[in-house]
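Each reported figure results from applying straightforward, stated rules to the coordinates on display, with no laboratory input. Please read all numbers here as calculations on a predicted model, not as lab measurements. Virtual Cβ from ideal backbone geometry, glycine too; neighbours counted across all protein chains shown.
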Amino acid sequence: MRPKGGRRLATVVLLLFTLVGAVACEPTLRQETGIVIGVDSPALGRVDSFELINLKGERLTFDTSTLQFRHQFPAPHLSEHQLIGDHIVVTYKADGDRLIVTQLDDT
């Protein structure tokens, strides 16, 4: 018969490994700053994706199809940035080849 303390320790160790594994699987949030060069807006107030040239000159396509646009940065604001050429900051997570936007901000 095992002492109760050994069983508790094994349970705690198992829970810690599970927690570390779950955290390790979470996608890391990244950020890019750049200029909007294209907006895919199939309907008024809706943006499915947009293209950005970052500060390194790389062209990136971001998926906004699941993004809940905020009052501070509504969907049409992306087109305004494209016209004016002001920089934006994109917070996103990578899911395979998709760059999924989690937040957009003015610089």
Practice prompt. Examine region 71-78 for a residue that is part of a helix (DSSP H, G or I) and of a type in the set (A, V, I, L, M), and state whether such a residue exists.
Written response: yes
Worksheet item: Which of (1) surrounded by fewer than 13 Cβ atoms within 10 Å (Cβ to Cβ); (2) in a strand (DSSP E or B) does Lys56 not meet, given it meets every other one?
Response: (2)
Item to complete: Select from region 79-93 the residues that are part of a helix (DSSP H, G or I) and either touching a Leu at 6+ places or on another chain (Cβ under 8 Å) or touching a residue at least 12 places away in the same chain (Cβ under 8 Å) (or both) and write down the one among them that is farthest from Thr107 (Cα to Cα).
Response: Ser79
